[in-house]
């Protein structure tokens, strides 16, 4: 037993560990066959899983359901101690439970029966070792003692293996979070430096004197202005997300005529859409669609969705904005004919720092905060935002629903 | 600018950069220094340009769509006619600049660029 025990304490791979225990215990018990049934990690779940079999091929039991709720079997997993029976079929608990009232037809013949719970340090039943023999009266107190000793060592080993697995999962989660943070910092740094790079380049050009070429001078000024605005927007988004994370976003809430907010956002994005050769269509119901909210934040929602649509729609594409309302809610729908979103990325579009493209090859700038901000702003207004796309190349539709002021 | 300030250099510089503002401002800066400048918005365009026009140095961004800077360097080194052209990697990501430096490029610079250093490196090769 102690030789097997030493081996067990070195064994951290749960599956092979359980098989080794079952094999060793079946031999020590003098059983024809043995099985290891385990409870799940969740103590509220009493389902059992057959983890290992010894002495018989697995298909000898494959057609039987795990017998979880019979009086004989259940005792082992509810901390009732060892069950050792000279002939299980003669036990008063045997055969009392539906549907089979005993072993189901085709089951290996079992007379001698020995079941030993495997109990963790903390007193939880981790599982049970069960042994059978077709002849009666095969299991002696000495067999029982050996198997109980092995079960105790197996419990320690299983505890260790589970702790090891939990530690590994925790470490992997921490490493993943750290990778995501590094990636985010790298993207933010890149996006903040890029507009600075062109501003400083133009400044260097202008320091040498005003270019003879007027168009170059105008380009320099326009580009510097664009870069400045891009950077202001980035910093605003970062500050917003920081406020969202710490729950410090304040709404200056009042009744808002939504059509005015949506029109203002459309006016703001129109020059960008035009410059990119994108048609911008609006069907905005101007009849008093009134919601309670912060007009600046609601305009930010509309603008973020529109700018996202324009960003991911190629030249000659279409961005369509619709605002209407039913009895209870206003619906703002922004639909584009752009690149669309792959099904596996759809669930993540509203998560912070998520962009469909890897940083090294992406075609679009940005730090992946716009839609996360949209979702949060909509939700603190008591609304919802949904995304739909039939896949890449098929366009995307965002729908914001906000409760009307009654 | 006053014409007499402009030194004329014989060399031609290729800028490979996807961000239009960065690319055009850098081109203007180098042209103001008297260099001829060619522009490409990603690695694949750059390879096309290089096969038509000889240049004395390549200023290369790393994060670009279609063909990024790393992929471009691989392709460039595979072509004996292009492999000898010195490459200056310019990236807004310090870690990417470090990677590039380890790949044996002529110079790896972070954006915003140190203009004095950039002009020194370009003058050395052109």
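The values are calculated or read from the model by the stated rules, or taken from the named source; none is laboratory data. Only a predicted model underlies this, so the values are computations on that prediction, with no experimental measurement involved. Quick reminder, even Gly has a Cβ in these numbers, built from the backbone with ideal geometry, and neighbours come from all protein chains shown.
This table checks each residue for (1) more than 23 Å from residue A:39 (Cα to Cα); (2) within 32 Å of the chain's Cα centre (by Cα); (3) assigned to a helix (DSSP H, G or I).
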| position | (1), (2), (3) |
| --- | --- |
| A:100 | no, no, no |
| A:104 | no, no, no |
| A:117 | no, no, no |
| A:122 | no, yes, no |
| A:129 | no, no, no |
| A:147 | no, no, yes |
| A:151 | no, no, yes |
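State yes or no: is residue A:194 at the interface with chain B (Cβ under 7 Å from one of its Cβ atoms), part of a helix (DSSP H, G or I) and within 21 Å of residue A:311 (Cα to Cα)?
Considered against the rule, which asks whether it is at the interface with chain B (Cβ under 7 Å from one of its Cβ atoms), part of a helix (DSSP H, G or I) and within 21 Å of residue A:311 (Cα to Cα), residue A:194 comes out as yes.
Go through the residues of the range A:244-256 one by one and say whether even a single one is within 46 Å of the chain's Cα centre (by Cα), under 30 Å from residue A:185 (Cβ atoms) and within 14 Å of another protein chain (Cβ to nearest Cβ).
The answer is no; no qualifying residue exists.
For the range B:80-113, which positions are without any contact (Cβ under 8 Å) to a residue 12 or more places away in the chain, more than 10 Å from chain A (Cβ to nearest Cβ) and in a loop (DSSP other than H, G, I, E, B)?
Matches in the range B:80-113: B:80, B:83, B:84, B:104.
Quick check on this structure: which one of A:155, A:161 is part of a helix (DSSP H, G or I), buried (at least 17 other Cβ atoms within 10 Å of the Cβ), out of contact with any helix residue (DSSP H, G or I) (no Cβ under 9 Å at 6 or more places or on another chain) and in contact (Cβ under 8 Å) with a residue 12 or more places away in the chain?
A:155 is the lone residue from the list that is part of a helix (DSSP H, G or I), buried (at least 17 other Cβ atoms within 10 Å of the Cβ), out of contact with any helix residue (DSSP H, G or I) (no Cβ under 9 Å at 6 or more places or on another chain) and in contact (Cβ under 8 Å) with a residue 12 or more places away in the chain.
Checking residue A:209 against (1) more than 30 Å from residue A:17 (Cα to Cα); (2) assigned to a helix (DSSP H, G or I), only one condition comes out false. Which one?
Of the numbered conditions (1) more than 30 Å from residue A:17 (Cα to Cα); (2) assigned to a helix (DSSP H, G or I), the odd one out for residue A:209 is (2).
Residues of the range B:20-62 being over 19 Å from residue B:74 (Cα atoms), in contact (Cβ under 8 Å) with a residue 24 or more places away in the chain and surrounded by fewer than 21 Cβ atoms within 10 Å (Cβ to Cβ), which ones?
Result: B:32, B:34, B:36, B:37, B:38, B:39, B:53.
Do you know which residues across the range A:389-406 are within 18 Å of residue A:323 (Cβ to Cβ) and exposed (fewer than 15 other Cβ atoms within 10 Å of the Cβ)?
Within the range A:389-406, A:405 is the sole residue that qualifies.
If you scan the range A:80-123, which residues turn out to be touching a residue at least 60 places away in the same chain (Cβ under 8 Å) and more than 16 Å from residue A:147 (Cβ to Cβ)?
Passing the criteria: only A:108.
Is there a residue in the range A:304-311 that is surrounded by fewer than 19 Cβ atoms within 10 Å (Cβ to Cβ) and touching a strand residue (DSSP E or B) at 6+ places or on another chain (Cβ under 7 Å)?
The answer is no; no qualifying residue exists.
Any idea which of A:96, A:74, A:142 is farther than 23 Å from residue A:13 by Cβ and either part of a strand (DSSP E or B) or at pLDDT 85 or above (or both)?
That would be A:142, the only listed residue that is farther than 23 Å from residue A:13 by Cβ and either part of a strand (DSSP E or B) or at pLDDT 85 or above (or both).
For the range A:197-215, name all the residues that are out of contact with any strand residue (DSSP E or B) (no Cβ under 9 Å at 6 or more places or on another chain), within 7 Å of chain B (Cβ to nearest Cβ) and crowded, with 17+ Cβ neighbours inside 10 Å.
Correct list: A:198, A:200, A:201, A:202, A:204, A:205, A:211.
Of everything in the range A:261-297, what is closer than 30 Å to residue A:222 by Cα and either free of Cβ contacts under 8 Å to residues at least 12 places away in the same chain or not in a helix (DSSP H, G or I) (or both)? Give them in sequence order.
The answer is A:267, A:270, A:271, A:274, A:275, A:276, A:277, A:278, A:279, A:280, A:281, A:282.
Could you tell me whether residue A:185 is closer than 17 Å to residue A:235 by Cα, more than 7 Å from chain B (Cβ to nearest Cβ), touching a residue at least 24 places away in the same chain (Cβ under 8 Å) and within 46 Å of the chain's Cα centre (by Cα)?
When the stated conditions are applied, residue A:185 does not pass them.
For residue A:231, only one of the following conditions fails: (1) touching a helix residue (DSSP H, G or I) at 6+ places or on another chain (Cβ under 7 Å); (2) part of a helix (DSSP H, G or I); (3) at the interface with chain B (Cβ under 9 Å from one of its Cβ atoms). What is its number?
In the conditions (1) touching a helix residue (DSSP H, G or I) at 6+ places or on another chain (Cβ under 7 Å); (2) part of a helix (DSSP H, G or I); (3) at the interface with chain B (Cβ under 9 Å from one of its Cβ atoms), residue A:231 misses (3) alone.
Among the residues that make up the range A:217-224, is at least one of them in contact with a helix residue (DSSP H, G or I) (Cβ under 9 Å, 6 or more places away or on another chain), buried (at least 18 other Cβ atoms within 10 Å of the Cβ), within 14 Å of chain B (Cβ to nearest Cβ) and within 17 Å of residue A:367 (Cβ to Cβ)?
Scanning the range A:217-224, I find no residue that is in contact with a helix residue (DSSP H, G or I) (Cβ under 9 Å, 6 or more places away or on another chain), buried (at least 18 other Cβ atoms within 10 Å of the Cβ), within 14 Å of chain B (Cβ to nearest Cβ) and within 17 Å of residue A:367 (Cβ to Cβ), so the answer is no.
Among the residues of the range A:346-386, which ones are modelled with pLDDT of 85 or more, surrounded by 17 or more Cβ atoms within 10 Å (Cβ to Cβ) and farther than 12 Å from residue A:312 by Cβ?
A:350, A:372, A:373, A:374, A:375, A:376, A:377, A:378, A:380, A:381, A:383, A:385
If you scan the range B:89-111, which residues turn out to be in contact with a helix residue (DSSP H, G or I) (Cβ under 8 Å, 6 or more places away or on another chain) and either more than 14 Å from residue B:62 (Cα to Cα) or modelled with pLDDT of 95 or more (or both)?
B:106
Results for (1) exposed (fewer than 14 other Cβ atoms within 10 Å of the Cβ); (2) at pLDDT 85 or above; (3) part of a helix (DSSP H, G or I), shown as yes or no for each residue.
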position	(1), (2), (3)
A:169	yes, yes, yes
A:177	yes, no, yes
A:187	no, no, yes
A:240	no, yes, yes
A:250	yes, no, no
